[in-house]
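Student: Dropping the structure in here first, questions after.
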Amino acid sequence: INISGNTRTKDKVIRREVLIAPGDVFNTVRVETSKKRLDNLGYFSKVDAFPVDTGVEGRKNLDLLVEEKRTGSLNFGAGFSTIDSLIGFVELTQGNFDITNWPSLTGGGQKFRIRLQGGTQRRDAEVTFTEPWLLDRPISLTYTTYYHQADYLSSVYDERSYGFALDIRKALLPYLYGSIGYHFEDVDAINVNIDATPELQAELGPSTKSTVSASLVYDNRDNPFLTRRGERISYTWYVAGFPTGGTEHIYGFDIEASKYWRLPMDMILLVNSEVAGVDALDEQENRLVKIYDRLFLGGSNNLRGFEYRDVGPRDKHGEPLGGQSMARTTVELTFPIIEKARGAIFYDNGFVNVNPWDYNFNDFSADVGLGLRLDLPIGPLRIDYGIPIQGPHHLGSGKINFNVGYQF
């Protein structure tokens, strides 16, 4: 197998995507699949593969001719949502990074990203590095370090966190992959309002978490952006504090499943459900975990007829406190209106309970609503209007959720 045209990309980055090896029977299907795999890398503007006579009867060489293209980008962007409010960002990415190739730092097939983001309700900085073939094996290693400050989580305090995460992922079966990870994080509440209740103030203060996690994900969706059929199921388990240290000693899980059906007239039916829980590891009388690690519902990402984090336990002033057991379901039907525009009808329900392993429906909440999905040249636009129809507190009026983002 002869490779030419790759002035930056290492030969091994190309060879590991080729599904035919020296000595194999020449297979045109595998050659075409290899070309598609190389195209999908995003490193080349052109990929050609063709057999070449060797002068030996019954034997041919496979020549791969590639034409490289730019793989780095500097992006600026802005957006608006009912949760984040106005936000802008700048992002530097290199899709064909090589941490060992100084000074060009390209050609190794790694991924590198720096993102700075700021707005009226949040400030973020993040650096991510991914090695998709760890030790030349099809095992992905991702390292992320970050700083986050969020002002939208509560009306009486802001939350600041920083830390790093390490994740190793491997494909196990077609459509199934597993991952294990380690995450260290320092979290604290800042700008705490003097009017915060003693109940809430007791929840705040510095916290360090040293977390080990494991996940399984099954995903056979036909398209991750506009899915018409398929399913995605994920299970995540984590433990913090033992045996890796930190001030928080907790464990928890999250299970989420989505199923898509394509119906006549290009209608799409989605059913999405999630169950999660968190509990203290220590055998103590009070098993409540800190507010930073509790579960919340409400807002544009789940129960759209309610304010952000407004579903679940609250203090006497109505400030959300979160809980340790959560379950929710969304049923949504989308339908085409015109090209690049779809309407939506949805029903959301769920609950958040104070105690761990408590999945009773006493504080059940639900909403119904209508939505609009637009695929605009500046980026996707999503508008939802949700009306609460059931809940333990005063339901209030309907809520508009608005989300738009674009790059320039």
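Student: Tell me which residues, restricted to the range 186-200, are under 31 Å from the mean Cα position of the chain (by Cα) and either hydrophobic (A, V, I, L, M, F, W, C) or under 15 Å from S154 (Cα atoms) (or both). So that I can check it myself, show each step before the final result.
Tutor: Here is the first cut: in the range 186-200, the residues under 31 Å from the mean Cα position of the chain (by Cα) are 186-192, 200.
Correct list: V187, D188, A189, I190, N191, V192, L200.
Student: Also, I was wondering about something else. Of everything in the range 60-83, what is within 30 Å of G299 (Cα to Cα) and either in the same structural domain as Y43 (by TED's automatic domain parsing) or surrounded by 12 or more Cβ atoms within 10 Å (Cβ to Cβ) (or both)? Give them in sequence order.
Tutor: So in the range 60-83, the residues within 30 Å of G299 (Cα to Cα) come out as 75-83.
N75, G77, A78, G79, F80, S81, T82, I83 - these are the residues of the range 60-83 that are within 30 Å of G299 (Cα to Cα) and either in the same structural domain as Y43 (by TED's automatic domain parsing) or surrounded by 12 or more Cβ atoms within 10 Å (Cβ to Cβ) (or both).
Student: Out of everything in the range 237-294 that is part of a strand (DSSP E or B) and either modelled with pLDDT under 90 or among the charged types (D, E, K, R) (or both), what residue ends up being farthest from H183 (Cα to Cα)? Outline the logic, then answer.
Tutor: Residues of the range 237-294 part of a strand (DSSP E or B): 237-240, 246, 250-263, 267-280.
Still in the running and either modelled with pLDDT under 90 or among the charged types (D, E, K, R) (or both): 246, 254, 256, 259, 262, 274, 279.
On the way: G246: 11, D254: 16, E256: 21, K259: 30, R262: 38, E274: 22, D279: 18 Å.
Among those residues, the one meeting the criterion is R262.
Student: Moving on to the next point. Looking at the range 356-400, which of the residues that are part of a loop (DSSP other than H, G, I, E, B) and either surrounded by 15 or more Cβ atoms within 10 Å (Cβ to Cβ) or of a type in the set (D, E) (or both) is modelled with the lowest pLDDT?
Tutor: Initially, the range 356-400 is screened for residues part of a loop (DSSP other than H, G, I, E, B), giving 356-364, 377-378, 391-398.
Then keep just the ones that are either surrounded by 15 or more Cβ atoms within 10 Å (Cβ to Cβ) or of a type in the set (D, E) (or both); that gives 356, 358, 363, 391, 395, 398.
Working: P356: 92, D358: 95, D363: 92, G391: 91, L395: 78, G398: 88.
If we take residues in the range 356-400 being part of a loop (DSSP other than H, G, I, E, B) and either surrounded by 15 or more Cβ atoms within 10 Å (Cβ to Cβ) or of a type in the set (D, E) (or both), then L395 is modelled with the lowest pLDDT.
Student: Restricted to the range 142-179, and to residues that are outside any strand (DSSP E or B) and in contact with an Asp or Glu (Cβ under 8 Å, 6 or more places away or on another chain), which residue is farthest from D195 (Cα to Cα)?
Tutor: Looking only at the range 142-179, we keep the residues that are outside any strand (DSSP E or B), and these are 151-157, 174-175.
Those left that are additionally in contact with an Asp or Glu (Cβ under 8 Å, 6 or more places away or on another chain): 151-156, 175.
Details: D151: 17, Y152: 17, L153: 16, S154: 13, S155: 10, V156: 8, Y175: 51 Å.
Filtering first and then ranking leaves Y175.
Student: Considering only the range 192-208, how many residues are out of contact with any Lys or Arg (no Cβ under 9 Å at 6 or more places or on another chain) and either assigned to a loop (DSSP other than H, G, I, E, B) or basic (K, R) (or both)?
Tutor: The qualifying residues number 7.
Student: I want to confirm something. Restricting to the range 45-59 and keeping residues that are within 45 Å of the chain's Cα centre (by Cα) and over 19 Å from T7 (Cβ atoms), which single residue is surrounded by the fewest Cβ atoms within 10 Å (Cβ to Cβ)? Quick ask: steps written out before the conclusion?
Tutor: From the range 45-59, those within 45 Å of the chain's Cα centre (by Cα) are 45-52; that's our starting set.
Okay, now just the ones that are also over 19 Å from T7 (Cβ atoms), so 50-52.
Numbers: F50: 11, P51: 12, V52: 9.
Of everything passing the filter in the range 45-59, V52 is surrounded by the fewest Cβ atoms within 10 Å (Cβ to Cβ).
Student: Please determine, by comparing only the residues of the range 92-122 that are of a type outside the set (K, R) and under 26 Å from I190 (Cβ atoms), which one is surrounded by the fewest Cβ atoms within 10 Å (Cβ to Cβ). Working first, answer last.
Tutor: In the first step, residues of the range 92-122 are kept if they are of a type outside the set (K, R); the result is 92-110, 112, 114, 116-121.
Going one step further and asking which of them are under 26 Å from I190 (Cβ atoms), we end up with 114, 116-121.
On the way: I114: 15, L116: 15, Q117: 18, G118: 15, G119: 19, T120: 12, Q121: 17.
Checked the range 92-122; the qualifying residue surrounded by the fewest Cβ atoms within 10 Å (Cβ to Cβ) is T120.
Student: Condition first: surrounded by fewer than 16 Cβ atoms within 10 Å (Cβ to Cβ) and either of a type in the set (F, W, Y) or more than 26 Å from S161 (Cα to Cα) (or both). Now tell me which residues in the range 130-147 satisfy that.
Tutor: Here is the first cut: in the range 130-147, the ones surrounded by fewer than 16 Cβ atoms within 10 Å (Cβ to Cβ) are 134-139, 143, 145, 147.
If the condition is that a residue be surrounded by fewer than 16 Cβ atoms within 10 Å (Cβ to Cβ) and either of a type in the set (F, W, Y) or more than 26 Å from S161 (Cα to Cα) (or both), then L134, L135, D136, R137, P138, I139, Y143, Y147 are the ones that fit.
Student: Then there is this: Just the residues that are free of Cβ contacts under 8 Å to residues at least 60 places away in the same chain and under 28 Å from E332 (Cα atoms), please, taken from the range 275-296.
Tutor: Once the filter is applied, which keeps residues that are free of Cβ contacts under 8 Å to residues at least 60 places away in the same chain and under 28 Å from E332 (Cα atoms), the range 275-296 yields A276, R294, L295, F296.
The values are calculated or read from the model by the stated rules, or taken from the named source; none is laboratory data. Because the structure is predicted, anything quoted here is derived from the model rather than measured. Cβ: placed from backbone, ideal geometry, glycine included. Neighbour counts: every protein chain shown.
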